[in-house]
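Scroll down for the structure; my scribbles are underneath it.
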Amino acid sequence: MVNAKPKVRIEHLIKIYGEKPRAALQLFREGKSRDAILQVTGHVLGIADVSFTVNQGEVFVVMGLSGSGKSTLIRCINRLIKPTSGHIYIDDEDIALINEERMREIRLTKVSMVFQHFGLFPHKTVVENVAYGLKIRGVEKKQRSQKALETLEVVGLTQWAGYLPASLSGGMQQRVGLARALATDAEILLMDEPFSALDPLIRREMQEELLRLQKKLHKTIIFISHDIQESVKLGSRIAVMKDGYIVQIATPEELITNPADNYIRAFIQDVNRAQVLKTGSIARQIITFTVEEDSPQTALEKMLYQNLKQIYVVRQGFPVGVVSRETLAAAIPEGREDITQLMQADFPQVNADTTLENIFHLYQQELPIAVVDESGKFKGVVEQSDVFASISSLT
Ligand SMILES: Nc1ncnc2c1ncn2[C@@H]1O[C@H](COP(=O)(O)OP(=O)(O)O)[C@@H](O)[C@H]1O
Ligand SMILES: [Mg+2]
């Protein structure tokens, strides 16, 4: 990522559960397995030497089966749990070293947590629940209900402000949980399987909602999930955990195209590849008709040589049209060589970050789709056969 600014940095984090972790730590450093450590010391290795960096504005997903150490990790980050060893930097401040008072401050101002089971107060109204984080920050009453109402509007719950949580559906209750975390203006959101308790349909809605909010809010989010579909949908990167270790850290695309081992392979089997793969990563560089350089004659020769049926016409790097071999072959002998007259200016074009599921309908014209980068410049083409090959390829 360009200009990525680290927000949370974890270095060699180890967490061992139990009264006397020292002996267990020693065994771990000697290379003993999690099971061996448990057998000898009765101590559980929760996090096994984990390092990674989460950048400003990123949705960093931590995925793994139950018991793999996800909650332990996220709780170390806001120090609900004290790490046994290692460093956790938030904005370059090592929170493994600071005192309780400073940690409370950080929890109130920088880091907010959203829990799986919402964690709402049943006897407080929705707006009071949302205002709660501000109350313990010492924000004055009028100000905090104002802010709480504003945040409820962001998550679309204004009309429910005066109700008790029990009158709301699960999805709406979790919106309240989200609003409470957002109301404090914390830059970092820690979300521990926040949607796992919801029905599939509501769950998908909440995922969309989170992505929608994130587009506006640009928080730094560490999101825990045991679900691969959810992970590839939300994550800019995904760390896959197993038995306290991180097995692989990758973008969703890298994960499914280049899984580190069979553990990851088993996870990604269920992923709909068309929802994850982007045109940019399968676009083929291909010869173009460069207006500044090529004559129709040379273009036609190149097409015959490479057996292309069409060629994209590019001006100053931007695709401006597409022309077929037949058109060129017919026009050249007649001396009609003005390419802008010959080309078809209406052609399918997508950005490099478009997922494959969103391009199928563009193949009606049977033209290869032109893929452009952020500035609109030609990057290559994606043909229908490329799409099928990449979504069916077995890794
Ligand atoms: N307070 C605790 N005491 C002892 N072991 C614990 C404690 N909390 C979690 N564990 C163990 O640590 C491992 C990781 O747990 P956890 O972080 O909750 O995993 P996950 O969130 O991925 O399901 C598990 O083996 C779990 O049993
Ligand atoms: Mg957990």
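The values are calculated or read from the model by the stated rules, or taken from the named source; none is laboratory data. Values in this document were obtained by computation on a predicted structure and should not be read as measured data. Quick reminder, even Gly has a Cβ in these numbers, built from the backbone with ideal geometry, and neighbours come from all protein chains shown.
Among the residues making up segment 250-267, a single one is in contact (Cβ under 8 Å) with a residue 40 or more places away in the chain, touching a Leu at 6+ places or on another chain (Cβ under 9 Å) and surrounded by fewer than 20 Cβ atoms within 10 Å (Cβ to Cβ): Thr257. Is at least one residue of segment 82-100 assigned by TED's automatic domain parsing to the domain that holds Thr220, modelled with pLDDT of 95 or more, within 16 Å of ligand 2 (Cβ to nearest atom) and not basic (Lys, Arg)? No, every residue in segment 82-100 fails to be assigned by TED's automatic domain parsing to the domain that holds Thr220, modelled with pLDDT of 95 or more, within 16 Å of ligand 2 (Cβ to nearest atom) and not basic (Lys, Arg). Filtering segment 179-195 to residues that are of a type outside the set (Val, Ile, Thr) and either at pLDDT 90 or above or in contact with a Phe, Trp or Tyr (Cβ under 9 Å, 6 or more places away or on another chain) (or both) leaves Ala179, Arg180, Ala183, Ala186, Glu187, Leu189, Leu190, Met191, Asp192, Glu193, Pro194, Phe195.
So that you can scan it fast, the table gives a plain yes or no per residue for (1) within 16 Å of ligand 2 (Cβ to nearest atom); (2) over 17 Å from Ser231 (Cα atoms); (3) aliphatic (A, V, I, L, M):
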{"position": "Phe28", "(1), (2), (3)": "no, yes, no"}
{"position": "Gly31", "(1), (2), (3)": "no, yes, no"}
{"position": "Gln39", "(1), (2), (3)": "no, yes, no"}
{"position": "Asp49", "(1), (2), (3)": "no, yes, no"}
{"position": "Val54", "(1), (2), (3)": "no, no, yes"}
{"position": "Gly64", "(1), (2), (3)": "yes, no, no"}
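Determine if segment 205-223 includes at least one residue that is within 16 Å of ligand 1 (Cβ to nearest atom), under 18 Å from the mean Cα position of the chain (by Cα) and not in a helix (DSSP H, G or I). Scanning segment 205-223, I find at least one residue that is within 16 Å of ligand 1 (Cβ to nearest atom), under 18 Å from the mean Cα position of the chain (by Cα) and not in a helix (DSSP H, G or I), so the answer is yes. Helices (runs of 4 or more DSSP H) fully within segment 61-138 that include at least 2 residues being within 16 Å of ligand 1 (Cβ to nearest atom): 70-77. The residues on offer are Leu45, Leu73, and the sole one that is in contact with a helix residue (DSSP H, G or I) (Cβ under 8 Å, 6 or more places away or on another chain), within 16 Å of ligand 2 (Cβ to nearest atom), touching a residue at least 24 places away in the same chain (Cβ under 8 Å) and of a type in the set (A, V, I, L, M, F, W, C) is Leu45. If you go through segment 270-283 one residue at a time, do you hit one that is farther than 30 Å from Val155 by Cβ and not in a helix (DSSP H, G or I)? Checked against the condition, which is being farther than 30 Å from Val155 by Cβ and not in a helix (DSSP H, G or I), segment 270-283 yields at least one hit. When restricted to residues that are surrounded by fewer than 20 Cβ atoms within 10 Å (Cβ to Cβ) and of a type outside the set (Asp, Glu), segment 173-197 contains 2. When segment 235-267 is filtered for residues that are over 18 Å from Thr53 (Cβ atoms), in a helix (DSSP H, G or I) and hydrophobic (A, V, I, L, M, F, W, C), the ones remaining, listed by number, are Ile256, Ile264, Ala266, Phe267. Among the residues of segment 90-102, just one is in contact (Cβ under 8 Å) with a residue 24 or more places away in the chain and surrounded by 17 or more Cβ atoms within 10 Å (Cβ to Cβ), namely Ile90.
For the structure I just gave you, tell me whether Leu182 is out of contact with any Ser or Thr (no Cβ under 8 Å at 6 or more places or on another chain), more than 16 Å from ligand 2 (Cβ to nearest atom) and touching a residue at least 60 places away in the same chain (Cβ under 8 Å). Please lay out each step first, then the result.
Numbers: out of contact with any Ser or Thr (no Cβ under 8 Å at 6 or more places or on another chain): no; more than 16 Å from ligand 2 (Cβ to nearest atom): yes; touching a residue at least 60 places away in the same chain (Cβ under 8 Å): yes.
Considered against the rule, which asks whether it is out of contact with any Ser or Thr (no Cβ under 8 Å at 6 or more places or on another chain), more than 16 Å from ligand 2 (Cβ to nearest atom) and touching a residue at least 60 places away in the same chain (Cβ under 8 Å), Leu182 comes out as no.
Restricting Arg284, Arg315 to those that are basic (Lys, Arg) and at pLDDT 95 or above reduces the list to Arg315.
Checking the stated criteria, Ala197 turns out to be among the aliphatic types (A, V, I, L, M) and either under 25 Å from Asn78 (Cα atoms) or assigned to a strand (DSSP E or B) (or both).
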